[in-house]
Amino acid sequence: MTKNRPLRALITGATGFVGSRLAQRLVRQDWEVHVIVRPTSKLEQLDSIKDRIKIYEHDGSTEHLENIVAAAKPEIVFHLASLFLAQHHAKDIVPLIQSNVQFGTQLVEAMVKNGVYRLVNTGTSWQHHENQDYSPVCLYAATKQAFEALLQFYLETTALKVVTLKLFDTYGPDDPRPKLFRLLKATAEQQEPLAMSPGEQLIDLVYIDDVIEAYLVAAERLQAGLVYAHESYIVSSGQPISLKELVRTYEQVIGKELPIQWGGRPYRPREVMVPWNKGDKLPGWEPRVALSEGIKRMEK
Ligand SMILES: NC(=O)c1ccc[n+]([C@@H]2O[C@H](COP(=O)([O-])OP(=O)(O)OC[C@H]3O[C@@H](n4cnc5c(N)ncnc54)[C@H](OP(=O)(O)O)[C@@H]3O)[C@@H](O)[C@H]2O)c1
């Protein structure tokens, strides 16, 4: 991104996988980076940059968020905070709505109160089960949609401009989340049989550096005044592959076969067999890191 002076960013979800990589990247590009965390947040993912960013511990109130936004004076807010649950139980309802609906709404309220009108929001391809305009794969995806519905009020009544990036699957080195590649790595090391679904579902994986680039391109659109109200874009590889094919690619890159028991467990309820493929591409962005290259970088 070209700029003459440091830009100020406020990031939510900065202790997470994507948010921490975004914060690191912005620091490397000399942005002034402010992040919002919770009293319970673990800050390890921010260790490498903690002396170069400003960290605000949010007490949960809207008033405190207003003070945080006032202190940070961001030109762009990157909203990545979210509770992800593929399936939920009754006890998850309140935290899901708190993290994915309430917190975001408090944030936007605090932004507009402070005259901050540029937001990069984070959605998910799971808002589009079976390629529908809206069909949530799970309650988590429904909360993402609910937040977008709430945004509409602010879009119609204030100068707020939003770019929502809809992420697919992301992967990269040192991913702390218990995701597929960690499972594959453990299976490769221990050679213990791993029961998986039949493996025909297609997966759309984007390497973390490419994901972060999409946030920068979205911010640049907002900065350049190109966003009229709310734009929504996919951050997709455009090349979904089956889980089986993905494991084959992994085996080729690491040079080892994995003892996978295909069909050893059923597909999940509402398993995404074919990822959404109707969203608009973010102008000026395309993924650069091919899957085999991304796996190599992860395995270093
Ligand atoms: N990664 C993917 O493959 C993928 C795919 C589709 C969409 N997304 C979306 O992309 C974004 C980033 O994903 P990720 O994988 O990086 O997430 P992640 O690693 O699970 O991190 C979630 C972040 O959200 C923060 N958070 C949750 N609830 C909060 C609250 N109430 N107040 C403040 N902070 C809160 C967490 O803070 P604590 O440290 O306090 O827990 C953490 O920093 C999310 O919006 C996610 O839904 C990700």
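What's the exposure ranking of 231, 257, 192, going from fewest to most Cβ atoms within 10 Å?
192, 257, 231
Listed highest first by mean packing, meaning other Cβ atoms within 10 Å per residue, what order do 147-160, 235-248, 102-115, 50-63 come in?
Result, highest mean first: 102-115, 235-248, 147-160, 50-63.
What fraction of the DSSP beta bridges in the chain is antiparallel, stated in percent and rounded to the nearest 5? Numbers along the way, then the final one.
On the way: 2 of 40 bridges.
About 5 percent, rounded to the nearest 5.
Amide H of residue 83 versus every other amide H placed in the peptide plane: which residues, excluding those fewer than 5 positions away on the same chain, fall under 5 Å?
Those lying under 5 Å, H to H, from residue 83 are 100.
At q = 0.06, 0.11, 0.14 Å⁻¹, what base-10 log of I(q)/I(0) does the Debye formula yield for the chain when every alpha carbon is treated as an equal point scatterer in vacuo?
-0.20, -0.68, -1.10
If you take the beta carbon distance between residue 293 and residue 29 as r and set R0 to 22 Å, what does 1/(1 + (r/R0)^6) give as a FRET efficiency, to the nearest 0.05?
After rounding to 0.05, the efficiency reads 0.45.
Taking neighbour Cβ counts within 10 Å as the exposure measure, how do 207, 228, 117 sort from fewest upward?
Details: 207 23, 228 8, 117 19.
Result, fewest neighbours first: 228, 117, 207.
Points 7 angstrom from Cα along the Cβ direction at residue 153 and residue 265: gap in nanometres?
Reported label-point gap for residue 153 and residue 265 is 4.0 nm.
In square nanometres, what is one fourth of the surface area of the convex hull spanned by the alpha carbons of the range 199-263?
Approximately 6.0 nm², given one-decimal rounding.
When all alpha-carbon pairs of the range 176-300 are counted, what percent fall beyond 26 Å? Could the numbers behind the result be given before it?
On the way: 2514 of 7750 pairs.
So the pairs more than 26 Å apart make up 32 percent of the total in the range 176-300.
Report for the range 139-243 the percent antiparallel among DSSP-assigned beta bridges with both residues inside it, nearest 5.
Details: 2 of 11 bridges.
The answer is about 20 percent antiparallel.
If amide hydrogens are placed 1.01 Å from N in the peptide plane, which non-local residues have theirs closer than 5 Å to the one on residue 268?
Those qualifying (amide H under 5 Å, at least 5 residues apart or on another chain) number zero.
So what are the radius of gyration and Dmax for the Cα set of the range 137-187, in Å?
Both quantities, over Cα of the range 137-187: 16.7, 53 Å.
Quick note: the coordinates plus some simple rules give every number you see, no bench work behind them. All values reported here derive from a predicted model rather than from experimental measurement. FYI the Cβ positions are ideal-geometry reconstructions off the backbone, even for glycines, and counts take in every protein chain you see.
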